[in-house]
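Report on the following structure.
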Amino acid sequence: MAAPQYVRVDQESHGQRIDNFLLRFVKGVPRSHVYRVLRRGEVRVNKGRVKASQRLCEGDMVRIPPMRMSQSAPASRAPQGQLARLDGAVLHEDARLLVLDKPAGMAVHGGSGLSYGLIEALRQLRPGCELELVHRLDRETSGCLVISKRRSALRELHRIIREGAMRKRYLALMIGELPQPEMLVDVALKKNVLRGGERLVTVDQAEGKASRTRFRRLTRFVHHGQPITLVEAELITGRTHQIRVHAAHLGAPLAGDPKYGDGALNRALKDVGLTRLFLHASALSFRLDDMTQALRVESSLPDELQRVLDALEALK
């Protein structure tokens, strides 16, 4: 493109994030470059600067700056083994959406040095389908992830999330005690982006966004004298790294968490087979307008995490 492009947001794009909207119009431009021009303020909505997470409204005018198409090798494609794994990970599918059992270690989208992520691999697996991420999971988190197949479903699902009507539950292993059998953590969180692009979330009651997690104690263990607690965590809000930061705020960080956890304690848990973050999106439920009853989808704990629990149980 030699000059800025101006695009008016139509009804089908109402509610879509600006970053996803842009990627439809700049095929061949690296995702990292799209985020770079967003950070620089070169993309404007109604003449104002926007963040990548901003959602568009019908009638908005989007200014898309000239962007150089990639002249390098074609974008990397997911290997067949990865595609087969995703193809077998569908927990639920209907005409409007699908729910995947996301594997740990796979980012939900490419960028930041990754040539592809789950959504790019899924589009490769199903060419021609209008697939969009409804929400996100951290790279090392496994479990239920919702993908829309129609723009109308994406808008409705985003509304459901904004209204707090999508229930999301996780299984997590905390290094420490949960002080009470059930606790509501209501602590504001602020997302910070470091110079290298890494995200770091901190507790900030003054400038942070309201964040609430309900923890329920399931099982207690002891490992080398250290209490370990298996909990169910229910997200009431859905902030970045919310469960991880709230657990650390309680003084009981998640097992295997390299960012907010305890390195020495994480290393000690390797003798029971822990090699990843112990956080799994185990269940979610919601109801679209055309559903007669709520859809509930569950994902079993991955084998590598179940083996950790079995090893801890054997130490009792």
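The values are calculated or read from the model by the stated rules, or taken from the named source; none is laboratory data. From a predicted model like this one, the values you see are computed outputs, not experimental measurements. Here the Cβ is made from the backbone with ideal geometry for all residues, glycine too, and neighbour counts use every protein chain on show. These accessible areas exclude ligands, DNA and RNA; they are computed on the full protein's heavy atoms, side chains included. Shrake-Rupley method; radii C 1.70, N 1.55, O 1.52, S 1.80 Å.
What pairs in Lys168/Lys316; Lys190/Lys270; Lys51/Lys191; Lys47/Lys191; Lys102/Lys191; Lys102/Lys190 have C-alpha atoms more than 22 Å from each other? Kindly include the intermediate steps, with their values, before the conclusion.
On the way: Lys168/Lys316 30 Å; Lys190/Lys270 31 Å; Lys51/Lys191 13 Å; Lys47/Lys191 25 Å; Lys102/Lys191 24 Å; Lys102/Lys190 26 Å.
As for pairs spanning more than 22 Å Cα to Cα, those are Lys168/Lys316; Lys190/Lys270; Lys47/Lys191; Lys102/Lys191; Lys102/Lys190.
With 0.36 nm allotted per residue and the present C-alpha distance subtracted, the Arg199-Met183 stretch has 3.1 nm of extension available. Counting only protein heavy atoms and a 1.4 Å probe, the chain has 50 square angstrom of accessible area per residue.
Once both labels are positioned 7 Å from their Cα atoms along Cα-to-Cβ, the gap between Ala95 and Asp10 label points is 2.1 nm.
How big is the C-alpha Rg of the range 130-186 next to the rule-of-thumb value 2.2 N^0.38 Å, as a ratio? Mind dumping the intermediate values first?
Details: Rg = 15.1 Å, N = 57, 2.2 N^0.38 = 10.2 Å.
Here the answer is 1.48, to two decimals.
At q = 0.16 Å⁻¹, what log₁₀ I(q)/I(0) does the range 241-295 have when each alpha carbon counts as one equal point scatterer in the Debye sum? Log-scaled intensity ratios, in q order: -0.57. Amide H contacts of Thr219: Leu230, each under 5 Å away and 5 or more positions distant or on a separate chain (H built 1.01 Å from N in the peptide plane; Pro and chain starts excluded).
When only Cα pairs under 8 Å and 6 or more residues apart are kept, what is the percent relative contact order across the range 89-181?
Working: 121 pairs, mean separation 25.6, N = 93.
For the range 89-181, the relative contact order is 28 percent.
Extending 7 Å from the Cα toward the beta-carbon at both Ser285 and Glu207 defines two label points whose distance is 4.0 nm.
Let a ≥ b ≥ c be the square roots of the eigenvalues of the Cα gyration tensor of the range 199-316; is it rounded (a/c under 1.5), or, if not, prolate (a/b larger than b/c) or oblate? Please list the in-between numbers first.
On the way: a/c = 2.34, a/b = 1.29, b/c = 1.81.
It comes out oblate by the Cα gyration axes.
Close amide H pairs (under 5 Å, H built 1.01 Å from N) link His92 with Val99, residues at least 5 positions away or on another chain. The order of the peptides 275-285, 228-238, 260-270, 209-219 by mean Cβ neighbours within 10 Å, most packed first, is 275-285, 228-238, 209-219, 260-270. For the pair Glu304/His33, report the inter-label distance in nm, with labels modelled 7 Å from Cα in the Cβ direction. Computed distance between label sites Glu304 and His33 equals 3.4 nm. Estimated from the Cβ-Cβ distance and a Förster radius of 25 angstrom, the FRET efficiency linking Arg49 and Thr237 is about 0.50. Each part reduced to its alpha carbon centroid, the range 113-175 and the range 206-260 end up 22 Å apart.
Charging the Cβ of each Asp and Glu at -1 and of each Lys and Arg at +1, and nothing else, the dipole of the chain about its Cα centre rounds to 1220 debye.
For the pair Arg296 and Arg63, a Förster radius of 35 Å applied to the C-beta separation gives a FRET efficiency near 0.25, rounded to the nearest 0.05.
Counting protein heavy atoms only, the chain has 48 percent of its accessible area on carbon and sulfur, 1.4 angstrom probe.
DSSP finds beta bridges in the chain, and of those with both partners inside it, around 95 percent are antiparallel. As a rough guide to protection, the peptides 171-183, 86-98, 138-150 ranked by mean Cβ packing within 10 Å, highest first, stand as 138-150, 171-183, 86-98. Computed log10 I(q)/I(0) for the chain at 0.14 Å⁻¹: -1.21, from the Debye equation with unit scatterers placed on every C-alpha and solvent omitted.
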